[in-house]
Amino acid sequence: MSMERQSPFQRSLYINNMLASHCLVNPVDFTTESVWGTSIVSANGEDWKRHRRVVAPAFTTKMFSRVVEESTSLYSSMKDEFGSDQVVTNLRSLLHRFTLVMICRCGFGMPVSWKQGGTSQDEIDIFDRALSVASSTLVHRLIFPKWVWSLPIKSLRHIDQSWKTVLTLFDSIAASKQAQYSSEKELGEEHAKDLLTKLISATEEDSKYTLTPSEVTGNMLSLLFAGNETTASALMSTLVFLGLYPEEQEKAYQEILREVKSIADMDLRDVANLKYVLACMHEAQRLVPATINLPRDVPEDMITRSDRPVQKDILIKAGSRIIIDTMAVCHNPHDFPNPQTFNPSRWHDVPDHDIIMFGSAPRMCVGRRFAQTEVVCFLAHFLWDWEVETVLLDGETREECFEQIMAGASLYGTAFGLGEVPVRIRARS
Ligand code: HEM
């Protein structure tokens with residue numbers, strides 16, 4: 001990639017060059033390997049290539065069509081939570097539930113419903129309850145030493161038990177999918193609509209790109225945790241910024257009216273035409289990237305080049321650990337003029353590999369299109385029904401509110417994002 005190219009993304013491309021370098025590796029102590037074994041997120045080198053070669057092709061057009069169908073059906077259940085002229089104070093947690101159920105349905109083919117199922121002993125309900133605990137405690141699981149979980153403290157035991165339930169049920173769900181796959185194999189590969197069935201089909205392949213059953217479970221957990229809070233964070237910030245910038249919301253709404261003939265029957269083609277809505281998502285992600293830093297180990301000496309204030313080569317010594325600061329890259333005024341402004345049109349016609357909030361090749365997010373489809377689909381439904389307005393305090397200006405919102409951004413679970421921000425919604429006539 002030439003550094004001479006004059007584009008607003010020049011510096012980002014430069015960072016991407018660094019990220020794209022095959023000589024950088026994911027630090028083992030920063031990964032989930034100790035929690036659920038090797039998977040696409042934790043592996044490096046040839047082993048990572050094997051995982052990637054199996055996981056990436058599981059994201060098919062058929063899968064994205066399913067994301068559209070399930071988003072539509074799930075949104076219609078979720079809609080009961082909203083009323084006209086209501087100030088919604090728990091939007092973040094509603095969106096988190098939305099993305100969790102989406103990954104359960106489209107990822108594992110599990111019929112998890114919108115409402116959590118009370119105290120039922122049904123396998124899905126048990127899984128659902130345990131998963132909610134596990135999904136909010138991954139960071140604890142990663143950083144606490146194993147002995148902590150044996151301490152006689154009720155809350156720790158509850159977390160530990162929830163994790164064991166999730167891991168056991170994942171194994172059992174994978175085993176029953178395996179049996180189902182074997183009996184339906186003659187229906188062909190195209191029959192497999194969820195990710196899990198696709199991964200299971202890879203356990204039966206007679207090539208060097210196969211997975212063991214425990215690697216299937218590891219990859220499912222990786223997809224779940226990489227895709228849930230990140231997507232909820234993107235959805236939350238998009239809605240909050242659209243609520244703060246009504247003129248941008250109007251452009252997105254007009255595009256939805258123009259491109260979607262029937263919202264109830266929206267399909268993948270309609271979603272692909274919602275380019276401004278997608279740009280709104282990207283701009284919100286730029287302001288509040290879900291993954292704010294990417295750690296890498298440097299196994300061999302490498303040279304990288306700084307661009308400003310003067311161009312010069314920099315030697316990074318073997319054995320160093322570097323952190324790519326996504327937040328700084330996304331707020332660099334040389335690449336993004338007026339970086340503290342919500343300006344979706346800056347994402348017009350930007351190629352996929354420049355959407356740096358999803359990382360960069362070779363380890364670019366494998367679920368990027370899944371997340372984009374889910375978010376755009378949700379926004380189309382939501383904006384079709386509601387006008388959203390981010391609530392300002394008395395006498396507060398938009399700029400002051402923007403600053404307050406940005407100051408409240410933090411790490412929630414595994415993803416960086418906005419906290420609860422109250423938004424008023426009004427039914428569109
Ligand atoms: C808006 C939502 C999302 C954002 C912002 C996001 C962001 C990222 C980023 C920045 C990376 C690169 C990490 C690195 O280089 O170390 C990544 C990797 C990954 N993402 Fe996402 N992601 C999102 C949604 C998803 C979804 C929905 C899934 C799965 C269904 C997913 C699965 C993965 C996996 C498995 C990897 C590891 C890829 C590899 O190492 O080869 N992500 N994601």
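Summed over segment 268-291, residues that are farther than 15 Å from residue 384 by Cβ and in contact (Cβ under 8 Å) with a residue 24 or more places away in the chain total 15. Filtering segment 142-150 for residues that are part of a helix (DSSP H, G or I), touching a helix residue (DSSP H, G or I) at 6+ places or on another chain (Cβ under 9 Å), at pLDDT below 85 and within 16 Å of the ligand (Cβ to nearest atom) leaves a non-empty set. Among the residues examined, residue 71 does not qualify as more than 15 Å from the ligand (Cβ to nearest atom) and either under 22 Å from the mean Cα position of the chain (by Cα) or closer than 17 Å to residue 266 by Cα (or both).
Against the test of being surrounded by 15 or more Cβ atoms within 10 Å (Cβ to Cβ) and not charged (D, E, K, R), the options 235, 257 yield a single qualifying residue, 235.
For segment 4-42, taking the residues that are surrounded by fewer than 21 Cβ atoms within 10 Å (Cβ to Cβ), at pLDDT 60 or above and within 11 Å of the ligand (Cβ to nearest atom), the one that is nearest to residue 108 (Cα to Cα) is identified as 32. Assess whether residue 241 counts as being farther than 30 Å from residue 171 by Cβ, of a type outside the set (Lys, Arg) and either within 14 Å of the ligand (Cβ to nearest atom) or surrounded by 21 or more Cβ atoms within 10 Å (Cβ to Cβ) (or both). When the stated conditions are applied, residue 241 passes them.
Against the definition (at pLDDT below 90 and either loosely packed, with under 15 Cβ neighbours inside 10 Å or under 27 Å from residue 410 (Cβ atoms) (or both)), how does residue 298 come out, yes or no? Spelling it out, it is not the case that residue 298 is at pLDDT below 90 and either loosely packed, with under 15 Cβ neighbours inside 10 Å or under 27 Å from residue 410 (Cβ atoms) (or both). The helices (runs of 4 or more DSSP H) falling completely within segment 305-419 that include 1 or more residues that are under 27 Å from residue 137 (Cα atoms) and within 16 Å of the ligand (Cβ to nearest atom) map to 326-330, 368-385. Scanning segment 260-295 for residues that are within 11 Å of the ligand (Cβ to nearest atom) and buried (at least 16 other Cβ atoms within 10 Å of the Cβ) yields 281, 282, 284, 285, 286, 288, 289, 290, 291, 292, 294. Within the option set 45, 107, 83, being within 15 Å of the ligand (Cβ to nearest atom), small (Gly, Ala, Ser), surrounded by fewer than 16 Cβ atoms within 10 Å (Cβ to Cβ) and at pLDDT 85 or above holds for one residue only, 45.
For segment 48-68, filtering for residues that are buried (at least 18 other Cβ atoms within 10 Å of the Cβ) and of a type in the set (D, E, K, R) leaves 2.
The values are calculated or read from the model by the stated rules, or taken from the named source; none is laboratory data. Note that the coordinates shown come from a computational prediction; the quantities given were computed from them, not determined experimentally. All Cβ positions, glycine included, derive from the backbone under ideal geometry; neighbour counts span all protein chains shown.
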